[in-house]
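Quick note: the coordinates plus some simple rules give every number you see, no bench work behind them. The shown structure was predicted, so the numbers you read here are calculated from the model rather than taken from an experiment. Neighbour counts are summed over all protein chains in view; Cβ atoms, including those assigned to glycine, are modelled from backbone coordinates with ideal geometry.
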């Protein structure tokens, strides 16, 4: 009786094993897809709470959009295609990194322009200071006076 | 020399100008890329007659409004009297998109608050909402005869927006 119970338990355990194995399997490909989904959702802005990314936000829309990203990755879409999908619906605003366009030129070039402008201003200022600091040449009158004070020979050395 | 001293002040005033403009702009109003584009297609079941469906294709040839609403949406209550009045004026078909809502709750909400909609359709999982770039319910779209989105109101309708923008736009589109 006891033996039979033990056998039954063993048989049940054996039957359960493949089910367990089947459940534990999908780690490799899924974790890659999950990492991609997280990376993508960090690049996209949530429109409801605008200072959070879709990855950070708990707003319902952000949850739906995360689901959309996962679905599209599962459907074999590339990252660019998924981003294009979001931009087509919500505009460039969803991108934390705005694209280089005629309307965003100032945004992209602004810091460089400011840096160049600031540097040019600095050079200008330093040059102006330097010419100011240079000792002006002595006038004839001053040279004569210096010579007299030194009691020398007409100030030839001071030229 | 005097002018040079005034330069920082001028820069300061310009920056103040930009900041001041920024104060009056609503950061929630993100320009929709869908304006001027064809209305995204959908076929959804109707709220009151689940056996029937409706989509933009059925409305081709007429100017119509799509109003995204939900029974859980607080600011929908704010705009609802305006929609009811617009519905009574019978200027334009108003299609309601019941967004991520329970069907019974949606129906009850319309019974309680008045139903301005020609037809309401149910977007249970919000997929159609995503296609239309919906992010802040309520939202209202104006679609022209060719099926192109011409205007989008984000957030509740206001009497001012209706009078100055939406109704004139509808009349103009209906003439063409």
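Could you please rank A:139, B:53, placing first whichever residue has the fewest other Cβ atoms within 10 Å of its Cβ?
A:139, B:53
Could you give the length gained on full extension between residue A:150 and residue A:52, defined as 0.36 nm per residue of separation minus the Cα-Cα distance, in nm? The partial results should precede the final answer.
On the way: separation 98, 0.36 × 98 = 35.28 nm, distance 7.81 nm.
Full extension from residue A:150 to residue A:52 adds 27.5 nm.
Once you average over the residues of A:89-97, how many Cβ atoms of partner chains fall within 10 Å of each Cβ?
That average works out to 4.
Using the C-alpha gyration tensor of the protein assembly as shown, what are the square roots of 5 times its eigenvalues, in whole angstrom, with the largest one first? Each step should come with its number before you reach the end.
Numbers: eigenvalues 853, 290, 53 Å².
Result for the protein assembly as shown: semi-axes of 65, 38, 16 Å.
How many partner chain Cβ atoms sit within 10 Å of a residue's Cβ in peptide B:90-99, on average, as a whole number?
Across B:90-99, the average partner-chain Cβ count within 10 Å equals 0.
Where Rh denotes the Kirkwood radius from the mean inverse Cα pair distance, what is Rg over Rh for chain B? Don't skip to the answer; put the middle values down first.
Working: Rg = 20.2 Å, Rh = 17.7 Å.
Checking Rg against Rh, the ratio lands at 1.14.
What order do you get for A:58-65, A:123-130 when each peptide is scored by the mean count of other beta carbon atoms within 10 Å, highest first?
Those peptides, ordered most packed to least, come out A:58-65, A:123-130.
Please list, in order, the residues from the stretch B:1-39 whose amide nitrogen is less than 15 Å from a point placed 7 Å along the Cα→Cβ vector of residue A:124.
Taking a point 7 Å out along Cα→Cβ of residue A:124, the residues of the stretch B:1-39 whose backbone N falls under 15 Å are B:1-11.
For B:154, B:15, B:91, A:69, which order do you get if you count the other beta carbons within 10 Å of each Cβ and list the fewest first?
The order, fewest Cβ neighbours first, is B:15, B:91, B:154, A:69.
Taking the highest mean first, how do the peptides B:35-43, B:125-133 order by number of other beta carbon atoms within 10 angstrom per residue?
Output ranking for B:35-43, B:125-133: B:125-133, B:35-43.
Go ahead and run the numbers for FRET between residue B:29 and residue A:134, Cβ-Cβ distance against an R0 of 56 Å, rounding to 0.05.
0.45
Given the peptides A:74-86, A:95-107, B:60-72, arrange them by the average over their residues of other C-beta atoms within 10 Å, most packed first. Can you show the working numbers first?
On the way: A:74-86: 13.7, A:95-107: 10.3, B:60-72: 20.2.
The most tightly packed comes first, giving B:60-72, A:74-86, A:95-107.
Please say if the stretch B:21-76 is rounded, prolate or oblate, where rounded means a/c under 1.5 for a ≥ b ≥ c the square roots of the C-alpha gyration tensor eigenvalues, and otherwise the choice is prolate for a/b larger than b/c and oblate otherwise?
Oblate, since a/c reaches 1.5 and b/c is not below a/b.
Within 10 Å of each Cβ in peptide A:47-55, how many partner chain Cβ atoms are there on average? Round it to a whole number, please.
2
Among DSSP beta bridges lying fully in the protein assembly as shown, give the percent that are antiparallel, nearest 5.
That works out to approximately 60 percent antiparallel.
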